[in-house]
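Trainee: One structure follows; several queries about it will come next.
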Amino acid sequence: MIDVQTIAAIIFLIFLLIFILAKRKQMQTQKILSPFIYFLMYKTKLGLRFMDNFSKKFRKPLTFIGYIGIFACFLGMALISYALVQNIYALFTKPEATSGVGLVLPFKAKGVFFVPFFYWIISIFIIALVHEFSHGIIARTHNLKIKSSGFAFLGILIPIIPAAFVEPDEKELKKRPYRQQLSIFAAGPFSNIALAFLIILLSSLLIAPVANAIIEFNGVKVTGFVKHDKSYPAELAGIKPGEIVTEINGIKVGSLENFSSILQSRPPGSVVDIKTNSSAYSMTLAENPENKNSSYLGVYVEQSMQVKESIKEDYGRFLPLALVWVAGLLRILVILNLGIGLFNLVPIGPLDGGRMLQLVLHRLFDKEKGDRIWKYIGVFFLTLVFVNIAFSFIR
């Protein structure tokens, strides 16, 4: 049976396609790997006055923050570049390794990082708004004209992911000092990463104490199986994704740490009885591919939790569940802001990181040689990204 989230996602996609068809004459296309990957842009004037007023009111602190963003983003570029190379190495050398890059969609499918639709649409809206308005605000801080703002749609064969954009005067931008250009390019990803850390801080001070008071751990949820040239104990025993492990050999499993410690106390080859929320299984622990002295089930798991019964009795079901829902949204916002912010720093052509690197190469070399090196680097990292995505669909 199709759940409410999936129905909402399908309805949204239909309305998105209707909107694009209705406005097709006003849409501009930016090709990436046409006809497979492209951007559709619908230009408006939304938010331009706000950018002007905000940048005028806080010009000095915004200028300073913009320059801090340059340093932070080059650091992030080095981090994400190293992570991509390391992940490719792991994918080819470790059977249990998972792809570090994937599509974020509100549909459950192989190779997709699934986010429930309402979390997904709210997160995409906030991330795009913060990212693009930050570009625009820093541009106006340096008195650079913003020609338009608007909605964008990432197409992977069909338009599926909504986004936003701010369009500065590119000719004028290229005439500005390198430091100003870098701060404008860095503003978007830096704001996303900063927002993630701000949410973490606020959550630890406000949300975490409330969550700890109303939530209890009730086991670990099986989300998938490690795929290689053989199947591992959990899959062979018949455990299904979505089941919650509640006991191992009669010992109650609460947290992920408890789950791991119980398993690691048994050597490979040991027979364990595992109870879930729906069934019971007996299996022989395998050897960990990375450590033959460590036991292995071959599963991916995440923490499972529920609202305490005492809280339900005192406050009813709605309020506690609403707080849990908000906590879940904040967790997704942290993950996606960090992920999308860092991904925008990958040194690939149209991304912010690619444009920042191009400026540096122009400064270090002449423009022609700098662009040639920039293209080689871009192709290299674009290949790494596509290999990562391909692995997410085949493993």
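Trainee: Alpha carbon centre of the range 109-161 versus the range 240-270: separation in Å?
Mentor: Distance between centres, Cα-based: 40 Å.
Trainee: Please go through the range 25-80 and write out the trypsin sites (Lys or Arg not before Pro) that DSSP classes as loop and that have at most 11 other C-beta atoms within 10 Å.
Mentor: LYS45
Trainee: Per the Debye formula with a single identical scatterer at each Cα and no solvent contribution, what log10 I(q)/I(0) holds for the range 106-148 at q = 0.15, 0.19, 0.21, 0.26 Å⁻¹?
Mentor: So the normalised log intensities work out to -0.54, -0.65, -0.70, -0.85.
Trainee: So, one more: For a 20 Å ceiling on Cα separation, which of these pairs sit above it: LYS230/LYS275; LYS60/LYS147; LYS252/LYS308; LYS57/LYS175; LYS57/LYS145?
Mentor: In this structure, LYS230/LYS275; LYS60/LYS147; LYS57/LYS175 lie more than 20 Å apart at Cα.
Trainee: Hey, another quick one. So what is the diffusion coefficient of the range 146-193 in µm² per second by Stokes-Einstein at 37 °C and 0.692 mPa s, using a Kirkwood Rh over Cα pairs?
Mentor: 261 µm²/s
Trainee: Here are some pairs, LYS25/LYS375; LYS31/LYS227; LYS94/LYS240; which of them have Cα atoms lying more than 30 Å apart in this structure?
Mentor: Where the Cα-Cα span goes over 30 Å, the pairs concerned are LYS25/LYS375; LYS31/LYS227.
Trainee: List the chymotrypsin sites (Phe, Trp or Tyr not before Pro) within the range 146-178 that DSSP assigns to loop and that have no more than 16 neighbouring Cβ atoms inside 10 Å.
Mentor: When the chymotrypsin sites (Phe, Trp or Tyr not before Pro) of the range 146-178 are filtered for loop state and at most 16 Cβ neighbours within 10 Å, nothing remains.
Trainee: Out of the range 16-99, which chymotrypsin sites (Phe, Trp or Tyr not before Pro) are coil in DSSP terms and have no more than 11 other C-beta atoms within 10 Å?
Mentor: Those satisfying the criteria are PHE36.
Trainee: For the modelled label position 7 Å from the Cα of ILE10 along Cα-to-Cβ, which residues of the range 133-162 have backbone nitrogen atoms closer than 11 Å?
Mentor: none
Trainee: Please pull out the direction-averaged projected area of the range 215-326, using the convex hull of its alpha-carbon atoms, in nm² to one decimal place.
Mentor: Across all orientations, the range 215-326 yields a mean hull projection of 7.8 nm².
Coordinate-derived values only; no laboratory data. This one's a predicted model, so the numbers in the text were calculated from it and none came from an experiment. Cβ sites come from the backbone with ideal geometry, for glycine too, and all protein chains shown count toward neighbours.
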